[in-house]
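The values are calculated or read from the model by the stated rules, or taken from the named source; none is laboratory data. Values in this document were obtained by computation on a predicted structure and should not be read as measured data. Virtual Cβ from ideal backbone geometry, glycine too; neighbours counted across all protein chains shown.
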Amino acid sequence: MKRSYWEKMAPSYGVEIFDVLQNDKKALIRKVINQHASAQKTVMDIGCAIGKWLPVLSPAFKKVVAVDISAKNLEIAQQLYPQYKNVQYVRADMSGKKTKVPRCDFAICINAILTPHVKDRQLFFQSLSACVKKGGYIVLTIPSLESWMLTSMIQQEYQIDQPLFPPTKNAKEALRKWNNIRKGNVDIDDVPHKHYLKEELQLLLSTAGFVAETFQKIEYNWNTEFIKPPKWLKEPRPWDWMVVAKKK
């Protein structure tokens with residue numbers, strides 16, 4: 001998505017955008033952050049939005065670089081968290097050809113690489129590589145395409161929230177959606193968002209100069225996918241992928 005989308009979204013970000021921090025019930029992302037925390041290290045929050053991770057990052061590191069494409073998001077973050085004096089706010093488009101951001105020892109990037117455009121994603125991963133020092137680590141969370149497919153199959157088989165999932169009768173629209181899904185682009189509120197296969201993410205990180213060391217599922221409740229999930233629907237749960245990768 002382009003900058004204009006996120007600038008428009010900024011005032012309602014806290015309501016409209018899924019909150020990974022609050023829904024990571026096992027605190028898996030926090031555990032990784034704590035493992036790499038250091039009073040001598042700089043951490044970067046890539047795609048920080050309105051700064052929900054700043055209360056976790058600021059006390060744990062010497063310096064936090066909060067990067068986002070939206071100036072309004074950064075303004076809101078500064079208003080929400082004025083107590084954190086070790087935060088540097090940087091407006092940057094990680095998908096830009098001439099993007100320059102400070103280098104860091106450790107970085108988090110929480111569901112920020114959502115653009116449906118291949119070239120933009122390639123530039124984003126190149127920017128990730130440029131901002132993490134050699135031997136440094138990054139933790140990424142990414143929407144899982146496997147999870148989306150599981151959700152779609154369960155919805156169709158058990159007719160869950162049926163009025164919210166009407167069949168696509170227009171052949172042209174059906175073809176558009178199918179071609180998007182083949183690329184991992186899934187419509188959310190009629191806006192295509194990139195979802196990733198585990199092996200795809202592993203390949204992308206390797207190409208960008210990282211070694212993916214661990215993959216884990218950030219699992220959510222089914223009410224994050226359905227308005228009225230049946231009571232029997234428990235395991236398996238929907239998930240995002242979390243990967244911890246080391247810069248070569």
Quick check on Gln83: is it over 24 Å from Leu205 (Cβ atoms), surrounded by fewer than 17 Cβ atoms within 10 Å (Cβ to Cβ) and among the polar types (S, T, N, Q)? yes
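Among the residues of the stretch 147-161, count how many are assigned to a helix (DSSP H, G or I), over 28 Å from the mean Cα position of the chain (by Cα) and loosely packed, with under 12 Cβ neighbours inside 10 Å. Step through it out loud before you land on a result.
Initial filter on the stretch 147-161 (assigned to a helix (DSSP H, G or I)): 147-158.
Then drop every residue that is not over 28 Å from the mean Cα position of the chain (by Cα), which leaves 157-158.
This time we only want the ones that are loosely packed, with under 12 Cβ neighbours inside 10 Å, so: 157.
Number of matching residues: 1.
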Going through the stretch 86-107 in order, the residues found to be surrounded by 21 or more Cβ atoms within 10 Å (Cβ to Cβ) and touching a residue at least 40 places away in the same chain (Cβ under 8 Å) are Met94, Cys104, Phe106, Ala107
Quick check: anything in the stretch 179-190 surrounded by 12 or more Cβ atoms within 10 Å (Cβ to Cβ), closer than 20 Å to Arg121 by Cβ and in contact with a Lys or Arg (Cβ under 6 Å, 6 or more places away or on another chain)? yes
If you go through Pro192, Pro163, the only one that is in contact with a strand residue (DSSP E or B) (Cβ under 7 Å, 6 or more places away or on another chain), within 29 Å of Pro229 (Cβ to Cβ) and not hydroxyl-bearing (Ser, Thr, Tyr) is Pro192
The condition from (1) buried (at least 18 other Cβ atoms within 10 Å of the Cβ); (2) on the phi > 0 side of the Ramachandran plot; (3) among the small types (Gly, Ala, Ser) that Ser144 misses is numbered (2)
Exactly one of Lys134, Lys119, Lys98 is over 16 Å from the mean Cα position of the chain (by Cα) and part of a loop (DSSP other than H, G, I, E, B), and that one is Lys98
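Among the residues of the stretch 201-244, what is the count of those that are β-branched (Val, Ile, Thr), under 21 Å from Ile29 (Cβ atoms) and part of a helix (DSSP H, G or I)?
Total satisfying the criteria: 1.
Would you tally the residues in the stretch 114-128 being within 15 Å of Ala212 (Cα to Cα) and in contact with a strand residue (DSSP E or B) (Cβ under 7 Å, 6 or more places away or on another chain)?
Adding up the residues that qualify gives 1.
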Those residues of the stretch 197-248 which are β-branched (Val, Ile, Thr) and either over 17 Å from Glu146 (Cα atoms) or modelled with pLDDT of 95 or more (or both) amount to Thr207, Val211, Thr214, Ile218, Ile227, Val243, Val244
For the stretch 199-233, the count of residues that are in contact with an Asp or Glu (Cβ under 7 Å, 6 or more places away or on another chain) and surrounded by fewer than 16 Cβ atoms within 10 Å (Cβ to Cβ) equals 2
Here the residues within the stretch 25-49 that are touching a helix residue (DSSP H, G or I) at 6+ places or on another chain (Cβ under 6 Å) and at pLDDT below 95 are Ala49
Residue set Pro238, Pro192, Pro230; condition of a type outside the set (Ser, Thr, Tyr), farther than 29 Å from Ile138 by Cα and in contact (Cβ under 8 Å) with a residue 40 or more places away in the chain; output residue Pro230
Expected single match for of a type in the set (Val, Ile, Thr), modelled with pLDDT of 95 or more and farther than 30 Å from Lys228 by Cα among Ile142, Ile110, Ile154, Ile138 is Ile138
Checked pairs for the stretch 13-28, first more than 16 Å from Trp241 (Cα to Cα), second at pLDDT 70 or above and part of a helix (DSSP H, G or I), C-beta under 9 Å and 6 or more apart or across chains, list as Tyr13/Lys72; Tyr13/Asn73; Tyr13/Ile76; Gly14/Ile76
